[in-house]
Amino acid sequence: MMDINILKSVIPIGKSNAIHQKELANRLFVTPAEAKLMVRKARQQGLQILSGTDGYWFAADEEEKRHFVRTMQKQALSRLKTAKPIKNTISHLHGQISLSDCVTEAGEVDE
């Protein structure tokens, strides 16, 4: 298991202090791809690392968390809608339904 305290020590609090992936990698003495993987694993362990075009950060308040969640949900829905026309050209076995079918058909994003 990765020591998440390392990430806690180098990722700042607040979106205005966000750190880009390359800088995070430099501080961790790893490649950018390794830094990204470390962040993914830390998130899977429950560390609430937010990210966006500004880089990585820990939420300064609940509004930053809400904004991050809304953004992630909208991006996920957009990707499903983009994939759907191509997916519809793939032959399916009769009666099969996927989770993405359910989500796309619902078309809802919590706000």
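Worth pointing out:
- Stokes-Einstein translational diffusion, the range 25-86 - Kirkwood Rh over all Cα pairs, 0.890 mPa s, 25 °C, in µm²/s: 183
- Förster radius 22 Å - calculated FRET efficiency between Glu34 and Glu63 (Cβ-Cβ, nearest 0.05): 0.10
- Environment charge at Ser16 (Cβ cut-off 11 Å; Lys +1, Arg +1, Asp -1, Glu -1): -1
- A straight chain from Arg27 to Asp54 at 0.36 nm per residue would run longer than the Cα-Cα distance by 8.0 nm.
- Signed unit charges on C-beta, dipole axis of the range 4-60, positive-most listed residue Gly46, Thr31, Tyr56: Gly46
- Local electrostatic count, Ala42, Cβ distance below 12 Å [Lys/Arg +1, Asp/Glu -1]: +4
- Only lysines eight or more places from Lys65 in sequence, or on another chain, were considered; those with a Cα closer than 28 Å are Lys8, Lys15, Lys22, Lys36, Lys41, Lys74, Lys81.
Every number here is computed from the coordinates shown, using simple stated rules; none is lab data. Because the structure is a prediction, the values reported are computed rather than measured. Quick reminder, even Gly has a Cβ in these numbers, built from the backbone with ideal geometry, and neighbours come from all protein chains shown.
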